[in-house]
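Structure first, commentary second.
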Amino acid sequence: MSPALKIASVLLDEGIDRPLDYAVPLAFRSTCAVGVRVLVPVRGHPKHGTIIELKREAEVASVQNIIELLSEKPLLSDSLFALAKWISFYYCTPLRKVVQVMLPSGLRKNIQKRKQLFVRSKLSRPELLHLCQELRIKKPEQALVLDQLLLHPKGLLLSALIEKAQTSESPIKTLIKNNILHTEEMAQEASPIDEQEVFSTKPKTLRDEQKRALTKITASLEEGVFATHLLHGVTGSGKTEVYLQAINSTLKAGKNVIFLVPEIILTSQTLERLRSRFPEKIVLLHHRLSDGERHESWHEIRNGNVRIVMGARSAIFSPTPKLGLIILDEEHESSYKQQDDQPTYHARDVALMRAKLENAVVILGSATPSLESRYNADQKKFQLSSLHRRGNADLAQVKVVDMRLEFEKTKGFTLFSDALLDAIKKRRSLGEQTILLLNRRGYQTSCLCTKCGETVRCPHCDLALTYHLGEEILTCHLCDFRLLKLRSCPKCHADETLKYKGAGTEMVERALHAILPEIRTLRLDADTTRHKGSHELIFRQFRSAKADLLIGTQMVAKGLHFPAVTLVGILSADGALNIPDFRAGEKAFQLLTQAAGRAGRAELAGEVIIQTHMPEHTMLQLAAAQDYEAFFHQELEVRKLFSFPPFCRLAKVVFSGEKLKNVEETGKRFRMKLIQELPPSFQILPLVPCGHPKVRDKFRFQFLIKGARSTLLSQKLALVQQMLPAKRDVRTLVDVDPESTFF
Ligand code: ADP
Ligand code: ZN
């Protein structure tokens, strides 16, 4: 550093939000740099922090000295630091919070790898369930811990428990002290970088379309300047092959790659292909890594020992040096957006900004690109390449079945139309496979008292409880509250008056067995995939023909390759079509198209049957025709008409807290201040309860802001946030570019 820069501006890990100035002692002058971790005195106590700026003069007259440097090299490179600043500004989030998201927690706490503790419950399951309910209100943190132990009866690693329960160590310590939980020490963990033996594969000779796409991408790579490529192609059209060859060029040029996927559980096939092509070091960052493992991967990546990092959205922050290429597979997926915590970043937009700062190339791939990305391609901000399906596998035949007519035929409720049942039977007799999609898990989706008319709801969320037959419990799908199956109405206490309604995946499976007793089924939903490896197991069983039919929630619609599947049944498209949200049409189109894409992927022709009460719904028609271009133009018109993104910038501010009145008042005050600050060209919608007005005992309100695409909105939102000091009992969450305006 320049000798004139004697003052360091330090951002503390905890406590005071704004940066504080410290003097850099002579001994540290040569090594001090932005991003270096330091120990500094705060009111006589040493505290951890990060240097965010070096300057000539302090803002205050007298400054204290930095006590110690905790890292030799800066933890964040200049460009990652610049990225952090942009995120902090754009998503109206204190820089400290952004830095926290960027750095693994183990690193921040300076912990080294240590022995892991394994936590188990000492109580029986019913005792645990009972205690959990008792603690729910008074000690909610402890209840969250017990929830996780109810879900994982065999116990969990301490680090996993903390992460899953989203708490600190303290409620767990209390539970251990109270003799409810106990711990055991586990041996050291294996290295996160597993050098598995894999068979190597060779690049395929590209088809013309693939070649054209790759030529454009490699041109950008060779130029070494920021560029974004949108690769639009149905599943199986050869996108991954293009990614692999683009990665090859990048590695050969001595640069590194970040490969983002929407969900880690769906990566095994892609990861295998990467490993088979590139013997270089690949690291998979997944949420099941412990602090120690994460810490170690982080250093391996930062030191340049890793050539390819694969992971979900937060992998965009990996400290990869010499970044050449960022790939976002299935770029339209909502999981790329962090929605419930600040910064509410979208990994796609962060990727674009990072690539811009580091002169890297971005490839966005999807069978159903997000409207924004496709629009950016139209605007020539992105370069578009389209891949069509191979000649020998045609698009599946899609049939829409009007369930109103089916109900008339059967004089009542039915899950399966005749057409769907016949098609399932036919597949079975041919030895081909079927996938059924229903986006609701559980057995029955509500429970109602026929005497008082009351629906049994979650006491903490006001949501109807879902009945799960397997565990004989009623659960809340928002907070996981659990009740043993009820015999009498909790409201009027009448006996035998409860009636269960609405079908979930569990019921579909059972109903199907009642009709076709010999059919072999597998079920894939959040209930059957709670344990590590259970997804992979179910996929493997299905792929090796251990079942005729796979039934599941939207998980079954995503990017999987099952060559023997020739029928996809969507039991009800209505739920997806009915959500009052500006993105509902897009999401429904994507879900239906992706689900349809599962049928007939190999040499066998596919069929898709969509059941609905709204056969005339446009999105359904467009999805049935699998006509992305028509969908794009139609949806774009709608967005234009009602002024939604990409025709404006949208932001949402959500307020939540236990006292309804305080939440509403805080929301109103925030909104009024914002009205004063923003020019009238911004439209500020009224404060309304959120789509889920109460979650985990917290009332929720929100309002939307629409305006021009400028930086003014972020600036003013941050300003108002500062003007209204946070109240302890009301949480304010600013969500710039929200994925949903409903939830
Ligand atoms: P997507 O990522 O779009 O789903 P993939 O790249 O996985 O598509 O391609 C689907 C299948 O076709 C894979 O088995 C892949 O190996 C194969 N494939 C892709 N491109 C070619 C090619 N040019 N020649 C031969 N096979 C190919
Ligand atoms: Zn609940």
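Only the coordinates and a few stated rules stand behind these numbers; no lab work does. These figures come from a predicted structure and were not determined experimentally. Glycine also receives a Cβ, built like all others from the backbone with ideal geometry; neighbour counts cover every protein chain displayed.
Quick notes
- Inter-part distance where the range 699-733 and the range 306-383 are each reduced to a Cα centre, Å: 25
- Summing Cβ point charges (Lys, Arg +1; Asp, Glu -1) relative to the Cα centre of the range 650-743 gives a dipole of roughly 200 debye.
- Summing Cβ point charges (Lys, Arg +1; Asp, Glu -1) relative to the Cα centre of the chain gives a dipole of roughly 980 debye.
- Rounded D (µm²/s) - the range 35-110, Kirkwood Rh over Cα pairs, Stokes-Einstein at 20 °C, 1.002 mPa s: 158
- Gyration tensor (alpha-carbon) shape descriptor, the range 628-741, a/c threshold 1.5: oblate
- Shape of the range 14-79, Cα gyration tensor, a/c cut at 1.5: rounded
- The simple Förster model, with R0 at 51 Å and r as the Cβ-Cβ distance, assigns Glu677 and Ser386 a FRET efficiency of 0.70.
- Partnerless cysteines in the chain, where a partner means another cysteine C-beta under 4.7 angstrom, comprise Cys32, Cys92, Cys132, Cys447, Cys479, Cys648, Cys690.
- Straight-line reach from Lys698: taking Cα to Cα under 19 Å and skipping same-chain neighbours fewer than 8 places apart, the lysines in range are Lys138, Lys139, Lys652, Lys659, Lys661, Lys668, Lys727.
- For the range 637-680 versus the range 254-276, the inter-centroid distance based on Cα atoms is 38 Å.
- Antiparallel beta bridges, as assigned by DSSP with both residues in the chain, represent about 55 percent of the total such bridges.
- Taking the helices alone, the chain has a mean residue ellipticity at 222 nm of -10000 deg cm²/dmol, built from -39,500 (n - 2.57) per DSSP H run of at least 4 residues and averaged over all its residues.
- Quarter of the Cα convex hull surface for the range 558-700, i.e. its orientation-mean projected area (nm²): 11.6
- Overall Cα dimensions of the range 157-295 - principal axes, largest extent first, Å: 67, 30, 29
- The aspartates and glutamates within cross-link reach of Lys55, meaning a Cα-to-Cα straight distance under 17 Å and a gap of 8 or more places when in the same chain, are Asp21, Asp78.
- Tensor-based shape of the range 509-578 (alpha-carbon gyration tensor, a/c under 1.5 rounded, otherwise prolate or oblate): rounded
- For the peptides 414-427, 53-66, 349-362, the ranking by mean Cβ contacts within 10 Å, running from highest to lowest, is 349-362, 414-427, 53-66.
- By average C-beta atoms within 10 angstrom, highest first, the peptides 379-389, 454-464, 439-449: 439-449, 454-464, 379-389
- Cα-based equivalent ellipsoid, the range 249-305: semi-axes from gyration tensor eigenvalues, Å: 19, 17, 9
- Top positive-direction residue, dipole computed over the range 423-490 with Cβ charges, set Tyr443, Thr475, Gly453: Tyr443
- Residue among Leu161, Thr250, Gly236 farthest towards the positive dipole end of the range 125-254, charges placed on Cβ: Gly236
- Ranked by the mean number of other Cβ atoms within 10 Å per residue, highest first, peptides 609-616, 24-31 order as 609-616, 24-31.
- Restricting attention to the range 491-643, the count of lysine pairs at 8 or more positions apart or across chains with alpha carbons under 29 Å apart stands at 10.
- Over all pairs of different C-alpha atoms in the range 302-417, the reciprocal of the mean inverse distance, the Kirkwood hydrodynamic radius, equals 17.9 Å.
- Packing-based exposure ordering (other Cβ within 10 Å, fewest first) of Trp86, Trp298: Trp86, Trp298
- Sorting Tyr375, Tyr336 from the fewest to the most surrounding beta carbons within 10 angstrom yields Tyr375, Tyr336.
- With only Cα atoms counted, the range 433-579 has Rg and Dmax values of 16.8, 53 Å.
- For the range 276-352, the Cα-based Rg and Dmax, in that order, read 13.0, 38 Å.
- Cα-based equivalent ellipsoid of the range 470-555: semi-axis lengths in Å, sorted from largest, via gyration tensor: 30, 17, 9
- Ellipsoid semi-axes in whole angstrom, largest first, where each is sqrt(5λ) of the Cα gyration tensor of the chain: 42, 34, 28
- Placing pseudo-labels 7 Å out from each Cα toward the beta carbon at Asn248 and Asp13 gives an inter-label distance of 4.5 nm.
- Each Lys and Arg Cβ is given +1 and each Asp and Glu Cβ -1; about its Cα centre, the range 427-511 then shows a dipole of about 180 debye.
- For the chain, the residue among Tyr336, His48, Gln611 whose Cα projects farthest onto the positive side of the dipole built from Cβ charges is His48.
- According to the Kirkwood relation over distinct C-alpha pairs, the hydrodynamic radius of the range 343-481 is 21.1 Å.
- Counting neighbouring beta carbons within 10 Å and listing from fewest to most, the residues Ile264, Ile172 come out as Ile264, Ile172.
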